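Colleague: To start, I am sharing the structure in question, which I have written as structure tokens.
The values are calculated or read from the model by the stated rules, or taken from the named source; none is laboratory data. Remember, it's a predicted structure, so these values are computed and weren't measured experimentally. With ideal geometry, Cβ positions are generated from the backbone for all residues, glycine too; neighbour counts draw on all protein chains shown. Just so you know, the surface numbers come from the protein's heavy atoms only, side chains and all, with ligands and any DNA or RNA stripped out. Shrake-Rupley method; radii C 1.70, N 1.55, O 1.52, S 1.80 Å.
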Amino acid sequence: MINELLDKLFQRNVPLTSKEEAKQRLKLVIAHDRVQLNPGTLELMRKEILEVVSHYVEIDSKEMEFSLENDDRMSVLIANLPIRRIKKTLTTTTAIEETKKDRS
Amino acid sequence: MSRIIVITSGKGGVGKTTITANLGVSLAQLGRKVALVDADFGLRNLDLLLGLENRVVYTAAEVIAGECPIEKALVKDKRQRGLVLLPAAQNRNKDAFKPEQMKELVSKLAQNYDYVLIDSPAGIEMGFRNAISAATEALIVSTPEIASVRDADRVVGLLEAEKIQKIRLIVNRLRPEMVQLEKMLSVEDILDLLVVPLIGVIPDDERVIVSTNRGEPLVLDERRPSLPAIAFKNLSRRLEGEEEVPFLDLLAAHDNLLTRIRRLFQS
Ligand SMILES: Nc1ncnc2c1ncn2[C@@H]1O[C@H](COP(=O)(O)OP(=O)(O)O)[C@@H](O)[C@H]1O
Ligand SMILES: [Mg+2]
């Protein structure tokens, strides 16, 4: 455990090898090439998803991650949305109604 | 049934033409009848790499225009039985050429040859479209460089959309010593990214360049076998269906050379 932690901390200070850097950059660019989404569309999608989810739960917007990745030539959209707290006052139906109101 | 294989990459200068030439010779050495088609219209090079440039009279353009029968345009390789080249047009308007015409050319060749290998131009435009139009299999060439891998991925996507069933990867110009120092993407890294089955790994070797200077594909020289020539031959055997041909341990080969040199200095 401690060793792992130390390794991780240690790794942070070691610059990536040039091949690791190439690989990581390629992963990202290939994922985007494959779905042919432009950054604008992706950003719009992120906003809308966040908007919907925020009706039910409070999201930690600093910690959230939103990215495209590859899984065996299949592109996957990864949204990691850490929940701060559940909005207790809202029932499912009122949340949906709120969404509808926002849209109109 | 004849096999129709396009050699393509997206990016230029990664070794498509070099691989087409060596693979063609090597398959013919295995007793197959092989027709090589230079589909790089306007930038004809396959004839040069094969050392056949002085024997080109007619090209695919005259065949398409109906000015000469296909047999007359084919250049036979006198050094290697069973190998012929259909040269590309050098000066005709390359955009006047259509996929339908490519399919017609290739289907004529398929009647008489076991393999039709099509050397694709770089890019993903019309020339590329023509080159892949008749193929049922594809060999994707990538070097261990970032731009080449990205372009290869684009091309794989396009080939899948065209319903080309068999797509396999050749990694060219690998430098094992750089891979060992983590200064170059490894074959495994590239496979992780592209997720296409591997069929060959060709080392970066100056003898490849020397052989093209002479117009003699490396695999022709059977008296002095070189590592890249063995890699080309293994590639053709895998293409023939020998699944269990092992991949060369390029680093070990490299080490051997070093240790040999060291030993030389020690004695
Ligand atoms: N394995 C290799 N080792 C060294 N040089 C190579 C290798 N493969 C290709 N080359 C060189 O790279 C250059 C481009 O090769 P070429 O086959 O013309 O690429 P392409 O057809 O993809 O444009 C040529 O100069 C060739 O000699
Ligand atoms: Mg070429």
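Colleague: Please report the antiparallel percentage of DSSP beta bridges with both residues in the protein assembly as shown, rounded to the nearest 5.
Modeller: Values: 12 of 41 bridges.
Expressed as a percentage, antiparallel bridges in the protein assembly as shown total about 30.
Colleague: Now for a different question. So, for the range B:6-154, what is the accessible surface per residue at a probe of 1.4 Å, expressed in square angstrom?
Modeller: Averaged over the residues of the range B:6-154, the accessible area is 40 Å².
Colleague: Roughly how tilted is helix B:16-29, in degrees to the nearest 10 and between 0 and 90, from the longest Cα axis of chain B?
Modeller: 90
Colleague: Follow-up. Between the helical axis of B:146-161 and the dominant principal axis of chain B, each derived from Cα atoms, what acute angle in degrees is found, rounded to the nearest 10?
Modeller: Orientation of helix B:146-161: about 40 degrees from the principal axis.
Colleague: Given axes a ≥ b ≥ c from the Cα gyration tensor, I'd like to know whether the range B:1-119 is rounded (a/c under 1.5), prolate (a/b larger than b/c) or oblate.
Modeller: Note, shape of the range B:1-119 comes out rounded.
Colleague: Using a Debye calculation, one point per C-alpha and no hydration shell, please list log10 I(q)/I(0) for the range B:45-98 at q = 0.13, 0.20, 0.24 Å⁻¹ in order.
Modeller: -0.31, -0.70, -0.94
Colleague: Return the average number of partner chain Cβ atoms within 10 angstrom of each residue Cβ along peptide B:139-149.
Modeller: Counting other chains' Cβ atoms within 10 Å and averaging over B:139-149 gives 2.
Colleague: Apply 1/(1 + (r/R0)^6) to the Cβ-Cβ distance of A:TYR56 and A:LYS27, taking R0 = 25 Å, and write down the FRET efficiency to the nearest 0.05.
Modeller: Working: r = 32 Å, r/R0 = 1.26.
It comes to 0.20.
Colleague: Oh, and also: Roughly how much accessible area, to the nearest 100 Å², goes out of reach of solvent when A and B pair up, both sides summed, probe 1.4 Å?
Modeller: So the buried area, both faces added, is about 1600 Å².
Colleague: Assuming R0 = 25 Å, what is the FRET efficiency of A:LEU44 and A:ARG84, from their Cβ-Cβ distance, to the nearest 0.05?
Modeller: 0.60
Colleague: Rounded, prolate or oblate for the range B:213-256? Axes are the square roots of the Cα gyration tensor eigenvalues, ordered a ≥ b ≥ c, and the cut-off for rounded is a/c under 1.5.
Modeller: Judged from the Cα gyration tensor, the range B:213-256 comes out oblate (a/c at least 1.5, b/c at or above a/b).
Colleague: Follow-up question, since we're still on this one. FRET efficiency for A:MET64 and B:LEU198, Cβ-Cβ distance as r, R0 = 35 Å, nearest 0.05?
Modeller: Once rounded, the FRET efficiency stands at 0.40.
Colleague: Just checking the output field for A:32-43: average partner chain Cβ neighbours within 10 Å of each residue's Cβ? Intermediate values should be presented prior to the final figure.
Modeller: On the way: counts 0, 5, 4, 0, 1, 0, 0, 0, 0, 0, 0, 0.
Counting other chains' Cβ atoms within 10 Å and averaging over A:32-43 gives 1.
Colleague: I need the fraction of alpha carbon pairs in the range A:9-88 separated by more than 21 Å, rounded to a whole percent.
Modeller: The calculated P(r) of the range A:9-88 puts 47 percent of pairs beyond 21 Å.
Colleague: For chain B, take the longest principal axis of its alpha carbons; what is the angle in degrees between that and the long axis of helix B:250-266, to the nearest 10 within 0 to 90?
Modeller: 50
Colleague: Report the rotationally averaged projected area of the range B:127-185 based on its alpha-carbon convex hull, in square nanometres.
Modeller: The directionally averaged projection comes out at 4.3 nm².
Colleague: Using a 1.4 Å probe on the protein heavy atoms, what percent of the accessible area of the range B:121-187 belongs to carbon and sulfur? Please report the intermediate quantities before stating the final value.
Modeller: Details: 1360 of 2750 Å².
The nonpolar share, carbon plus sulfur, comes to 49 percent.
Colleague: In bins 5 Å wide, starting from 0, what share of all Cα pairs of the range B:99-242 does each bin hold, as a percent?
Modeller: 2, 8, 16, 19, 20, 18, 12, 4, 1, 0
Colleague: Right, here's the next one. Return the residues of the range B:177-215 for which accessible area with all protein chains present is lower than in the chain on its own by 40 Å² or more; set the probe to 1.4 Å and exclude ligands, DNA and RNA.
Modeller: Buried on complex formation: B:GLU182, B:LEU185, B:ASP189, B:LEU193, B:VAL195.
Colleague: Tell me whether the protein assembly as shown comes out rounded, prolate or oblate; compute the Cα gyration tensor, take square roots of the eigenvalues as a ≥ b ≥ c, and use a/c under 1.5 as the rounded threshold.
Modeller: oblate
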